[in-house]
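Notes follow once the structure below has been shown.
The values are calculated or read from the model by the stated rules, or taken from the named source; none is laboratory data. Keep in mind it's a predicted model, so treat the numbers as computed, not measured. A quick note on method: Cβ atoms are made from the backbone with ideal geometry, for glycine too, and the neighbour counts reach across all protein chains shown. Areas reflect the complete protein model, heavy atoms only, side chains present, ligands, DNA and RNA absent. Shrake-Rupley method; radii C 1.70, N 1.55, O 1.52, S 1.80 Å.
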Amino acid sequence: MCLAIPARIEQLIEGDSAIINLGGMRKEISLALVENIVVGDYVIVHVGYALQKLDQEEAEHTLALFAEMSRMAGLPDKEP
Amino acid sequence: MCLAIPARIEQLIEGDSAIINLGGMRKEISLALVENIVVGDYVIVHVGYALQKLDQEEAEHTLALFAEMSRMAGLPDKEP
Amino acid sequence: MPKPRPLYSRRGRVEILHGSGGRAMAQLVAELFKVAFDNAWLEQGNDAAVLPQVSGRLVMSCDSHVVSPLFFEGGDIGCLSVHGTINDVSMMGAQPLYLTASFILEEGFLFADLERIVASMASAARDAGVSIVAGDTKVVEKGKGDGVFITTTGIGVLREGIVLSGDLAQPGDRILLSGTIGDHGMAVLSRRENLEFDAPIFSDTAPLHGLVANILDCGARVRVLRDPTRGGLATTLNEIAQQSGVGMLLDESAIPVKKPVEAACEFLGLDPLYVANEGKLVAVCAPEDAVHLLEVMRAHPLAREAAAIGEVTEDSRRFVQMATRLGGRRIVDWLAGEPLPRIC
Amino acid sequence: MPKPRPLYSRRGRVEILHGSGGRAMAQLVAELFKVAFDNAWLEQGNDAAVLPQVSGRLVMSCDSHVVSPLFFEGGDIGCLSVHGTINDVSMMGAQPLYLTASFILEEGFLFADLERIVASMASAARDAGVSIVAGDTKVVEKGKGDGVFITTTGIGVLREGIVLSGDLAQPGDRILLSGTIGDHGMAVLSRRENLEFDAPIFSDTAPLHGLVANILDCGARVRVLRDPTRGGLATTLNEIAQQSGVGMLLDESAIPVKKPVEAACEFLGLDPLYVANEGKLVAVCAPEDAVHLLEVMRAHPLAREAAAIGEVTEDSRRFVQMATRLGGRRIVDWLAGEPLPRIC
Amino acid sequence: MKYLDEFRDAALAEHISASITREATSSSGYRLMEFCGGHTHAISRYGITDLLPATIRLIHGPGCPVCVLPVGRINQAVRLVQQRDVILCTYADVLRVPCSGQMSLMRARSEGADVRMIYSTKNALQVARENPERQVVFFAIGFETTTPPTAVAVKQAHASGMENFSILCNHVLTPAAMQAILSVRTGKMLDGFVGPAHVSTVIGSKPYERFAAEHSKAVVIAGFEPLDVMQAILMLVRQINQGRATVENEFSRAVTREGNLKAQKLVAEVFELRDAFEWRGLGSISESALKLRPEFSRFDAELKFGVDYVPVRDHKACECAAVLCGEKRPQECRIFGTVCTPENPVGSCMVSSEGACAAYYSYGRFREELT
Amino acid sequence: MKYLDEFRDAALAEHISASITREATSSSGYRLMEFCGGHTHAISRYGITDLLPATIRLIHGPGCPVCVLPVGRINQAVRLVQQRDVILCTYADVLRVPCSGQMSLMRARSEGADVRMIYSTKNALQVARENPERQVVFFAIGFETTTPPTAVAVKQAHASGMENFSILCNHVLTPAAMQAILSVRTGKMLDGFVGPAHVSTVIGSKPYERFAAEHSKAVVIAGFEPLDVMQAILMLVRQINQGRATVENEFSRAVTREGNLKAQKLVAEVFELRDAFEWRGLGSISESALKLRPEFSRFDAELKFGVDYVPVRDHKACECAAVLCGEKRPQECRIFGTVCTPENPVGSCMVSSEGACAAYYSYGRFREELT
Ligand code: SF4
Ligand code: SF4
Ligand SMILES: [Mg+2]
Ligand SMILES: [Mg+2]
Ligand SMILES: [Mg+2]
Ligand SMILES: [Mg+2]
Ligand SMILES: [Mg+2]
Ligand SMILES: [Mg+2]
Ligand SMILES: [Mg+2]
Ligand SMILES: [Mg+2]
Ligand SMILES: [Mg+2]
Ligand SMILES: [Mg+2]
């Protein structure tokens, strides 16, 4: 449930809002539910609202974990 | 001004109304503006209301007058 | 896997999904349109119909039909949409062969009504010997349409030697009319909200290609054929006068109007000359051939009341004039504005 | 007598009388449509166009266009209505020749917008080498239409030896797609009320008959051509599978989608496989000819990103399946319902 | 159609025509005003001019309710329906009357206003009943014929306690207009009037007596069928030839001296005289129109919605005022047939087919090159 | 698209798949519930089943707000919009949910009701502002993701004194549903949960801890990308193999233990717990849904318009209840694919592409003949 998409904050605009950019698609969303957002942040967007800031370090960590688990499984690394 | 047409009362209906018949066209009209209307009367109809009862004798009289005036004018009678 | 149940039922209503291009639309086309129109081209279900080669010039015409109400005495939007286009093709002297039919449905439209309309189209096409070979269905949101709009396009084939055109009327030519005027428009108006009246008035909607064939076969030198639809007889004659650069002089008392139509027009302040017809034609022909042509027309069931209603005159101002039944004269102008009931 | 002033001006709006069949309509046709579409048939002003004899089988198709908004990045309802019908005629392998165009205008529609649309149609027709030879104009009351609906019907001519049909796909055949999917539908959606977004997305609306000619001339054994419009690529492939009684297996990673289109689809919960295209085609061809045909397609400016996206399989259930980019498999079903943005 | 066809008979017309031609021999001619648009329409539609001798000069009168309505009254209705969420109901005739800014009620509708064409006041009440949550305003226009149906509607709305119905009252009075005509130059020069037909069925022939008595004008009340009009002309010619000036009643089949008392009473119950009302062409005329009585004032849309009447000038080239007074003929207006046409009327006289300009344009303009 | 494409990588998927296959060797298999429709959708759309060994049995959970809404709630909205002159705004997902009498909000619209699709609560407020003379009702549904935006809208309407805006509140709570699942037979037999993604961004991972602690169920919160789901399955397999039952967070890039406190605070300001709420499939669950706090009760459309919730039974052949508890698979419903199809859904699970039946019908039904 609850379709939501990580998108990059491209511009902060008045009224606690922002323009997000997702693969070239730009749309105004509300920041009423989040705090301390700056340009360059990624947020999870749902029905026009940022639900949560995306933790980029954690994302990298998760991806690293995938790779690591594969390595643990004795499989070749993913080609870059 | 004031398009109005003489039409025959075909049927009296409830709500001080009547069905008129004009050359086969039937329509409901209001009798709110006239009195003592019976089936067979002709009324002058305007915007859905009978404005006045048509005096059939006077109508025949007027037609006779036309004919008479023509006669007075020394013209032949209209062919029947 | 068992077959899913049909996506529309007689009791149902058109939904947006019936026009979205998906399975619901495919089923609607398969279960309603293909069954009713029943021909190999539709059955194929391709993007376009591949028709046999025809010999002769092609004639092509289209009309959108937006009549309200959709059902009226003597017809409905379905048969109207078939006849309307067949007639335009016929007016060039062509034999109509194929039609396309495009439906713009309003969300919420009753399938029962759509079925009735489609059946009426199918039978009109069958009777006229034409096939509805391609179609389209769109659904617009509630409040962005009006039940159903139907656009038909027809093609026909024109044999050698037939030359009919609105610019060929010549001074001296006679103007023939195939029957009474105003029937269609008044039949529709009699069912219009706020105006309803009862009258033995029936739309004259009919396919005229049979009558046209007789007209063309009889040897008369016919210059123009035209069906006096929207705008009525008055406007059609003005169009011809305009195209041909001529005037006309009509005889009011020769123009046939049915009694109830005349009465309803009087009542509402309308002039039957401006009321639409859907099964009548005007023929302009050489004066010497008028009597014969009139006989030929009257021999056809759709033109029993045909009449010679006037003649073409020389007039650089291109006025259509009329000798009134009172003995005066007046212009019969183009329709101006819309034919709305007057109170004054 | 001096000429009356024009009945419409760029600043004006469509009124009921512009569709009533009278002088206002005649002037609108003369001053707008005849001038823009500029050909002898319309100029004649008859009930139907008399076209030259053609040699070859006739191909005929129609579509109503009801897009909202009327103007979008990369096109408008005008050019769309020309391309849409040209493409359907082309998909049978025919050369499109003539169009009819029927307008259903909503009372109050701006003439400035109508002019822009008509100019777009005229230039699309000119570019494609087809003539708009007949038309019709109706006006419906405010609230009973949606600005403008345009229905076009096209006829084309099919030379000997070309046999294309949706029922000719055979197991083993290859499925080629002429370019990226979803561009048109997302360009329109991006301007839809309550959904507006900015993105470098442009409708792909384009006439495909030139590409089709190249495809037919290259010698490849082509079984089916079809343009994946409403319902998107998914539905088009299901139609073909249904007609031919076959299955299909697609390769998700081979299907080209532009980045912003993919992003907008993700954002709104839509699948580009179900989003409309107006300038793309699917070709099903014999496996041996696929490589050559792909080259030929890629040489055409409208198919530079053409791709082989899958093959026809034997499957009595007629499923279109897809190897997902993750390595799994799934059905690519017909569009069900309408493609609406999801929130869950 | 009984009582119609008989009054359209060509042979009788020829007879009356011959009588007129024989009798209308005064070298000074006969300047007759056909007061009503209904007469104008009959004259044009049947080509009666062709049946009259050159000595008869027919002058169109102001008896067309659409024609005499000043621009400001349409503006008022347009303003109301554009600015407030009301449904405005009116007769079709009014829809295309042009007002300021190239507007009309039809154009307001095309831009989204909820304007509905009705055939009868009954329909307006029906609309109000079907839309209980919306305000419905009936734009009421017309002379004494159309006023009684409005009175009935207001009384019904009153009786059933309707809260969402009101009227913009533009009902006007015929005798006041006739009086005004007699005060202008053209009016003074008239020899007689073809008097109102259906208006007279309601008000009777009595109100015209003072025009005969005080202004020495011949008056013949006439029906709207062509023979009625021709017969009235003949009767006027005879009065004039004999130096008489009385009120005669050609339309005796529908008009009495007292008129329809029931209708008069209803109107008097609901309406009272306005102090003054502006007419197009005739200017402000005192006691020439009606307003709702205080006990019905909650049905007065002007009060209910606070939309005032703001007088505005006609289009600067428009000669409607002069045409309505009989001072100019339509073709003497310099925008007639070019800028002002039935499709794109500039003045009100080009709208209704009873308007002098529309009638001349649609029926009579072939005569132009001939005169 | 950054943070999307990386989580859809085929090579990584193959690696994770291989790990799962290698490790998921328990002969008793792994009964895992993917709680959310978002997971169900990812599994179907990417064909993840093909990448899992036969020991993994995935069971669809009730985490689809459209699926769990009982028929009576849609009836209530339909009744409101049909009987009162309101504008009903809602998310597109809700439009086609079937209710009594073969109705739905879409069908109500097609019969003339004013139902509008919106993308965001902002649009609903906008509609209210643009139609000051009409009442606008937002049909609010959804779990903890969709609730905060509703809270924002209500607070804004409150702050600006809006009189014509209200909501039909159908916001429900995820942990309550998970609790309910654990009380039914199928739930008790589960080995673990793939836990909510976006809901958890708001409520955090903490609320799930009691399921691990008290019910000994393994929980791995997972994103909605295919690698997220696969990784979560792998993590669950490992927990189960190791006999552990804890809450692990695969979706750490967006989910913290505490969640979004600002959003939680907003929700708590505007809403309070309902005593009980009926769920389709799960029956009435106490404290499983929200209602407006008394200070916002004038925005409660239920009170404002007096439309009560009337429970009704599902269609008699409908197995949605069993499907939503994981007791039946879609294809075990005897009307699946015949009477009940995505074009003509009988049950709610056939509507949203996140519904178990719709997902199986649209993406998975080729497997049928194969099993
Ligand atoms: S032509 Fe037009 S503007 Fe001139 S007087 Fe007549 S109606 Fe008025
Ligand atoms: S097939 Fe339909 S009725 Fe049966 S369980 Fe699924 S959604 Fe419910
Ligand atoms: Mg196509
Ligand atoms: Mg046509
Ligand atoms: Mg036609
Ligand atoms: Mg189509
Ligand atoms: Mg409608
Ligand atoms: Mg025609
Ligand atoms: Mg087509
Ligand atoms: Mg097409
Ligand atoms: Mg036409
Ligand atoms: Mg609209």
Taking a probe of 1.4 Å and counting only protein heavy atoms, give the total accessible area buried between chains D and C in Å², rounded to the nearest 100.
5900
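At R0 = 60 Å, how high is the FRET efficiency between D:R221 and E:D308 if r is their beta carbon distance? Nearest 0.05 is fine. Mind showing how you got there, number by number?
Numbers: r = 80 Å, r/R0 = 1.33.
Result of the calculation: an efficiency of 0.15.
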Working from the alpha-carbon coordinates of segment F:320-364, get Rg over Rh, Rh being the Kirkwood radius.
0.90
Consider the operator that turns chain F into chain E: which F residue has a Cβ nearest its axis, and what is that gap in Å?
F:E133, 4
Straight-line reach from C:K258: which lysines fall under 28 Å, measuring Cα to Cα and dropping same-chain residues less than 8 apart?
B:K27, B:K53, B:K78, C:K280, D:K138, E:K2
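Under 25 °C and 0.890 mPa s, how fast does segment D:174-331 diffuse according to Stokes-Einstein, given a Kirkwood radius computed over C-alpha pairs? Answer in µm²/s, whole number.
Working: Rh = 15.9 Å.
The diffusion coefficient I find is 155 µm²/s.
For segment C:139-236, take the convex hull of the Cα atoms, compute a quarter of its surface area, and give me that in nm², please. Kindly include the intermediate steps, with their values, before the conclusion.
Numbers: hull surface 39.5 nm².
The directionally averaged projection comes out at 9.9 nm².
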How many nm is it between the label spots at C:S316 and D:I162, if each spot is 7 Å from the Cα in line with the beta carbon?
5.3
Give me log10 I(q)/I(0) at q = 0.14, 0.19, 0.23 Å⁻¹ for segment F:153-246, Debye formula, one equal scatterer per alpha-carbon, no solvent.
-0.60, -0.90, -1.20
Per q in 0.32 Å⁻¹, report the Debye log10 I(q)/I(0) for segment F:146-191, using one uniform scatterer on each alpha carbon and no solvent.
-1.10
Largest-first ordering by accessible area, 1.4 Å probe, given options B:V38, D:V59:
B:V38, D:V59
Each label sits 7 Å from Cα toward the beta-carbon; between D:R298 and E:R329 the label points are separated, in nm, by 8.2
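Which value in Å is the Kirkwood Rh of segment F:209-309 over different Cα pairs? Please report the intermediate quantities before stating the final value.
Working: mean 1/r = 0.0597 Å⁻¹.
Evaluated over segment F:209-309, this radius sits at 16.7 Å.
Using only the Cα atoms, work out Rg/Rh for segment E:53-171, with Rh taken as the Kirkwood radius, to two decimals.
Working: Rg = 15.9 Å, Rh = 15.1 Å.
Value, to two decimals: 1.05.
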Each residue of segment D:103-108 in order: what ³J(HN,Hα) in whole Hz does its phi give by Karplus 6.51 cos²θ - 1.76 cosθ + 1.60, θ = phi - 60°, with x for Gly and Pro?
10, 10, 9, 8, 3, x
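I need to check one value: relative contact order of chain C, counting alpha carbon pairs closer than 8 Å and at least 6 residues apart, in percent.
21
I need the fraction of alpha carbon pairs in segment C:231-291 separated by more than 19 Å, rounded to a whole percent. Walk me through the numbers on the way to the answer.
Numbers: 708 of 1830 pairs.
Of all Cα-Cα distances in segment C:231-291, 39 percent exceed 19 Å.
Could you size up the charge dipole of the protein assembly as shown around its Cα centre, putting +1 on the beta carbon of Lys and Arg and -1 on that of Asp and Glu, and report it in debye to the nearest 20? Each step should come with its number before you reach the end.
Details: 158 positive and 192 negative charges, 298 e Å.
Charge dipole of the protein assembly as shown: 1420 debye, to the nearest 20.
D for segment E:1-61, whole µm²/s, Stokes-Einstein with Kirkwood Rh over alpha-carbon pairs at 4 °C and 1.567 mPa s: what number? If you can, show how the numbers build up before the last one.
Values: Rh = 12.6 Å.
It comes out at roughly 103 µm²/s.
Where the convex hull is taken over the Cα atoms of chain D, what is its projected area averaged over directions, in nm²? Could the numbers behind the result be given before it?
Details: hull surface 76.7 nm².
Mean projected area for chain D: 19.2 nm², to one decimal.
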Within the accessible area of segment E:173-219, what % is carbon and sulfur when the probe is 1.4 Å and the other protein chains stay in place?
53
Whose amide H sits under 5 Å from the amide H of F:D114, counting only residues 5 or more places off or on another chain, with H placed in the peptide plane?
F:L88
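What does the accessible area per residue of the protein assembly as shown come to in Å², with a 1.4 Å probe and no ligands, DNA or RNA counted?
Per-residue value: 33 Å².
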Taking the protein assembly as shown, how much of its Cα-Cα pair set, in percent, is spaced more than 71 angstrom apart?
17
For chain F, how big is Rg over Rh, using alpha carbon atoms and the Kirkwood form of Rh?
0.98
Where in segment E:52-88 does the amide nitrogen come within less than 15 Å of the point 7 Å from the Cα of E:S27, taken along Cα to Cβ?
E:55
Go ahead and collect, in residue order, the members of segment C:99-113 whose backbone nitrogen is under 18 Å from a label point 7 Å along the Cα-Cβ direction of C:S123.
C:112-113
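Distances longer than 14 Å among the Cα atoms of segment D:134-195: what percent of all pairs is that?
81
Relative to the compact globular guide of 2.2 N^0.38 Å, what is the alpha carbon radius of gyration of segment D:217-262, as a ratio? Please report the intermediate quantities before stating the final value.
Values: Rg = 12.9 Å, N = 46, 2.2 N^0.38 = 9.4 Å.
Compared with the compact-globule rule of thumb, segment D:217-262 sits at 1.37.
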Shortest first and in nm with one decimal, please list how far the F:Y309 label point sits from its counterparts in the other copies (point 7 Å along Cα→Cβ).
5.9
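Computed on protein heavy atoms with a 1.4 Å probe, what is the summed buried accessible area for the chain pair C and F, in Å² to the nearest 100?
1700
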May I ask you to compute the full-extension gain from D:E141 to D:A112, defined as 0.36 nm times their residue separation minus their alpha-carbon distance, rounded to one decimal in nm?
8.6 nm
Label zone at F:R185 (point 7 Å along Cα-to-Cβ), backbone N below 14 Å, segment F:313-334
F:322-323, F:325-329
FRET efficiency, 1/(1 + (r/R0)^6) with R0 22 Å, evaluated for E:R298 and E:A268 via beta carbons
0.70
Amide H contacts under 5 Å for D:G135, placed H, 5+ residues apart
C:C62, D:A101
As a test of the formula, what do you get for chain F when each DSSP H run with n ≥ 4 contributes -39,500 (n - 2.57) and the sum is divided by the residue count, at 222 nm and rounded to the nearest 500 deg cm²/dmol?
-10000 deg cm²/dmol
Would you list C:S120, F:S28 from the most to the least accessible area, probe 1.4 Å?
F:S28, C:S120
At q = 0.15 1/Å the base-10 log of I(q)/I(0) from the Debye formula over the alpha-carbon atoms of segment B:5-72 is -0.49
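Per Stokes-Einstein, at 37 °C and 0.692 mPa s, what whole-number D in µm² s⁻¹ belongs to segment C:7-158, with the Kirkwood radius over Cα pairs as the hydrodynamic radius? Before the final figure, lay out each step's value.
Details: Rh = 15.6 Å.
Approximately 210 µm²/s, per Stokes-Einstein.
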Name the long-range amide H neighbours of F:I335: under 5 Å, sequence gap of 5 or more, or other chain; modelled H, no Pro or chain starts.
none
Length-normalised contact order of chain F, Cα under 8 Å, at least 6 apart, in percent, tallies to 22
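Using protein heavy atoms only (no ligands, DNA or RNA), what is the total accessible area buried between B and E, 1.4 Å probe, nearest 100 Å²? Could you put the intermediate results ahead of the total?
Details: alone 6130 and 16150 Å², together 18400 Å².
Roughly 3900 Å².
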